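**Student:** Can you read through this structure? Questions will come right after.
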Amino acid sequence: MLLPPDLRLALAPHDTYRQLMAEHVRGSWQRAFERPALLALTIGIAVTLSSAERVPLGLVLMGIPCWSFVPIIQWPTGVIVIGRARGRPTSMPRALELLFAGHLPWSLWILTMIGLSAFTTATLGIPAQILTLIVPAVWTTTILFAFCRTALGCSLAHARRLTAAHQAMTWVVFVVYAVLVSGIGARFLALVGA
């Protein structure tokens with residue numbers, strides 16, 4: 001039984017990227033936008049479900065654009081990383097498509113966290129939720145490294161640098177967003193008397 005490429009990427013990223021690169025697919029901007037759009041749809045439905053405990057079409061249609069900032073932010077990060085891979089064996093649209101194909105760990109994490117809150121009485125405190133971020137973070141880093149080595153054709157050292165740069169940009173944006181949305185920054189400033 002042949003597994004879907006996204007699942008194969010999550011389970012065996014180097015081998016799967018090698019197989020996908022061997023297909024010699026040209027790639028198009030339309031396909032490069034499809035995966036981020038699917039990600040926005042997944043997050044929009046999941047967040048709507050977590051807050052409304054059902055999925056009315058109107059809320060989903062509002063949730064998708066509200067949460068589309070996630071792939072919108074990841075898009076330029078991907079372009080920067082891909083652009084730094086001189087002499088890559090694939091086009092920018094195909095590389096973006098392959099990069100976003102590695103999003104399964106985060107999609108699973110989002111669906112798991114929202115599923116826990118929407119369908120069970122189980123509650124995870126903030127520290128436990130933060131700890132759960134380790135699994136998709138490490139898993140995604142592994143997939144991203146395989147992407148840099150295989151799909152971008154980078155040397156070992158360059159793949160490490162690009163992986164670290166991508167993860168640093170992603171986490172800085174995530175932390176800034178979390179601070180702004182949660183009000184932690186304002187509370188900290190009030191606490192120190194600023």
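The values are calculated or read from the model by the stated rules, or taken from the named source; none is laboratory data. In this text the structure is predicted, and so the values were computed from the model without any measurement. Cβ sites come from the backbone with ideal geometry, for glycine too, and all protein chains shown count toward neighbours. Note: accessible area is taken over every heavy atom of the protein model, side chains too, but ligands, DNA and RNA are not part of it. Shrake-Rupley method; radii C 1.70, N 1.55, O 1.52, S 1.80 Å.
**Student:** So, in region 157-194, exactly how many residues are open to solvent by less than 80 Å² (accessible area, probe 1.4 Å) and either touching a helix residue (DSSP H, G or I) at 6+ places or on another chain (Cβ under 7 Å) or closer than 30 Å to GLY87 by Cβ (or both)?
**Tutor:** The number of residues fulfilling the criteria is 16.
**Student:** For region 1-90, which helices (runs of 4 or more DSSP H) that fit wholly inside it have 2 or more residues that are among the small types (Gly, Ala, Ser) and on the phi > 0 side of the Ramachandran plot?
**Tutor:** Passing ranges: none, list empty.
**Student:** Related question: Within region 3-16, can one find any residue that is under 14 Å from ALA151 (Cβ atoms), of a type outside the set (A, V, I, L, M), modelled with pLDDT of 95 or more and open to solvent by 80 Å² or more (accessible area, probe 1.4 Å)?
**Tutor:** Yes, the conditions are met somewhere in region 3-16.
**Student:** Continuing with this model, one more query. Are there any pairs with C-beta distances below 6 angstrom linking a residue in region 171-194 that is touching a residue at least 40 places away in the same chain (Cβ under 8 Å) to a residue that is open to solvent by less than 80 Å² (accessible area, probe 1.4 Å), with the two at least 6 apart or on different chains, and if so which?
**Tutor:** Listed by first residue and then by second, the contacts come to VAL173/ILE73.
**Student:** Take the conditions out of contact with any helix residue (DSSP H, G or I) (no Cβ under 9 Å at 6 or more places or on another chain) and under 30 Å from VAL55 (Cβ atoms) and apply them to LEU108. Does it pass?
**Tutor:** In short, no.
**Student:** Right, something else. Within region 83-112, which residues are open to solvent by less than 60 Å² (accessible area, probe 1.4 Å), without any contact (Cβ under 8 Å) to a residue 60 or more places away in the chain and among the hydrophobic types (A, V, I, L, M, F, W, C)?
**Tutor:** So the first thing to find is which residues in region 83-112 are open to solvent by less than 60 Å² (accessible area, probe 1.4 Å), and the list is 83, 85, 90-107, 110.
Next cut, without any contact (Cβ under 8 Å) to a residue 60 or more places away in the chain only: 83, 99, 106.
Within region 83-112, LEU99, TRP106 qualify.
**Student:** Quick check, is LEU131 open to solvent by 70 Å² or more (accessible area, probe 1.4 Å), under 30 Å from ASP15 (Cα atoms) and either assigned to a helix (DSSP H, G or I) or of a type in the set (A, V, I, L, M, F, W, C) (or both)?
**Tutor:** yes
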